[in-house]
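Values in this text are rule-based calculations from the coordinates and carry no lab data. Everything quoted here is computed from the prediction, not taken from an experiment. Neighbour counts are summed over all protein chains in view; Cβ atoms, including those assigned to glycine, are modelled from backbone coordinates with ideal geometry.
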Amino acid sequence: MGTDALLAYLHFASIFTMLWFLAKEWTLLKAGAGHIDARRLALADLGYFIAAIAVVASGIARLAFGAKPWAFYAGNPVFHAKVGVFILVGIVSIRPTLAFLRWKKQAAASATFRIAETDWRRAKRFVMVELHLIALIPLLAVLMARGIGWRG
């Protein structure tokens, strides 16, 4: 019981950390194309990536060592949907990440670098899509934890 509680805590802490970094990206992007600190944005994205890895690692630890058996997860389409949405968020995050890294490199190379308005809007839109998709995951988690969809 104690192991499961610790693993759940680590998983939730990782999730909240990941969300904090994604919200930080959104906050930095809200400054507008002409006022973005590309270095801070790239650092926030790195934190987001590291936290996402922690979410996956803690989730796998819960699968392997948690209170519920693997069959509970393997036989539940809601679990598969939850993981699928998480993967989709990861895929959506690739484009802004590449933009942030490019902006950071260009800003370091030129003091007069300015992010194009269209690039800024696109990155901002992708981060907003990530935030909306992530909002589905707690709903799926609640359904899954209550055995909805489980065919065991």
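Among all helices in the chain defined by DSSP H, which have a length of 24 Å or more along the axis from Cα atoms plus a Kyte-Doolittle mean of at least -0.5?
2-29, 38-65, 77-109, 117-134
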Notebook entry, point to check: With the Cα gyration tensor of the range 2-145 giving a ≥ b ≥ c as the square roots of its eigenvalues, does the rule (a/c under 1.5 for rounded; else a/b larger than b/c for prolate; else oblate) give rounded, prolate or oblate?
Noted result: prolate
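What number, rounded to the nearest 500 deg cm²/dmol, is the helix-based mean residue ellipticity at 222 nm of the chain, given -39500 (n - 2.57) per DSSP H run of at least four residues and division by all its residues?
-27500 deg cm²/dmol
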Next item on the list: Determine, from the Cβ-Cβ distance of residue 117 and residue 71 and an R0 of 35 Å, the FRET efficiency 1/(1 + (r/R0)^6), rounded to the nearest 0.05.
Entry: 0.10
Check: Say each of residue 20 and residue 83 gets a label point 7 Å from the Cα, pointing the same way as Cα to Cβ; how far apart are those two points in nm?
Finding: 2.8 nm
Note to self: Report the Cα centroid-to-centroid distance between the range 108-152 and the range 8-37 in angstrom, as an integer.
What the structure shows: 10 Å
Next item on the list: Tell me the label-point distance for the pair residue 132, residue 4, using the 7 Å Cα-to-Cβ offset, in nm and rounded to one decimal.
Entry: 3.7 nm
Notebook entry, point to check: How high is the relative contact order of the chain, in percent, counting Cα pairs under 8 Å that sit 6 or more residues apart?
Noted result: 33 percent
